[in-house]
Amino acid sequence: MPASPRDLFDYLDRLGIRHATVTHPALFTVEQSRDLRGKIPGGHTKNLFLKDKKGVLYLVVALEDAAIELKGLHRLLGASGRFSFGSAEQLMQALGVVPGAVTPFAAINDVSGRVTVVLDTAMMTHPVLNYHPLDNTMTTTIARDDLVRFLAATGHPPRFEPVSAGAPERGPPEAGAGGN
């Protein structure tokens, strides 16, 4: 059974990771979430659940307004052939969430390590980031460095890649340089 938001919060607490969560009506698109932008500080994000021609799964995480060229993304990430979006069934099997609730926090459910998490370098310039905590009726704010710590603790050390147009080539500032 997939983790619940409460399970996620307990896990973050055990890791000593600070987090704050706001409850709101269900949000299914970036456009819907923009209404919350003024109420919740930090970088607001989108998540793409992708698979390559061999069925290898990727979760690409970027700022909500990021322009991502999907046609060439497979080359940047070293994937086998062009990407397509994973199905709702694959999403539930791999990450334990439904469309609209896709989040890097879902790595907690990928105990077999099937999904490669890719964090856009432009997103990682923000010290504080926002994601759904496995449920699209909430948004959880977390420090950038703590997101990286969380992902590593779940067995998903992230790849830092310039997946959006204009993203810096290098990864985030050194851990501990900000955001706690």
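The apolar share of the surface of the chain, taken as the fraction of accessible area on carbon and sulfur atoms (1.4 Å probe, ligands and nucleic acids excluded), comes to 54 percent.
Any lysines with Cα under 22 Å of the residue 71 Cα? List them, leaving off those in the same chain fewer than 8 positions away. Reachable lysines: 46, 51, 53, 54.
Cα extents for segment 1-157 along the principal axes, largest to smallest and rounded to whole angstrom: 39, 31, 27.
Taking all protein chains together, 54, 46 sort by accessible area into 54, 46, largest first [probe 1.4 Å]. Applying both filters, DSSP loop and at most 14 other Cβ atoms within 10 Å, to the GluC sites (Glu not before Pro) of segment 73-177 gives 169, 174.
Summing charges over neighbours of residue 53, with a neighbour being any other residue whose Cβ is under 15 Å away from its Cβ, gives +4 when K and R count +1 and D and E count -1. With all protein chains kept in place, the per residue accessible area of the chain amounts to 48 square angstrom at a probe of 1.4 angstrom.
The values are calculated or read from the model by the stated rules, or taken from the named source; none is laboratory data. The model shown is predicted, which means the values in this text are computed figures rather than measured ones. Cβ sites come from the backbone with ideal geometry, for glycine too, and all protein chains shown count toward neighbours. The area values use the complete protein model at the heavy-atom level, side chains included, leaving out ligands, DNA and RNA. Shrake-Rupley method; radii C 1.70, N 1.55, O 1.52, S 1.80 Å.
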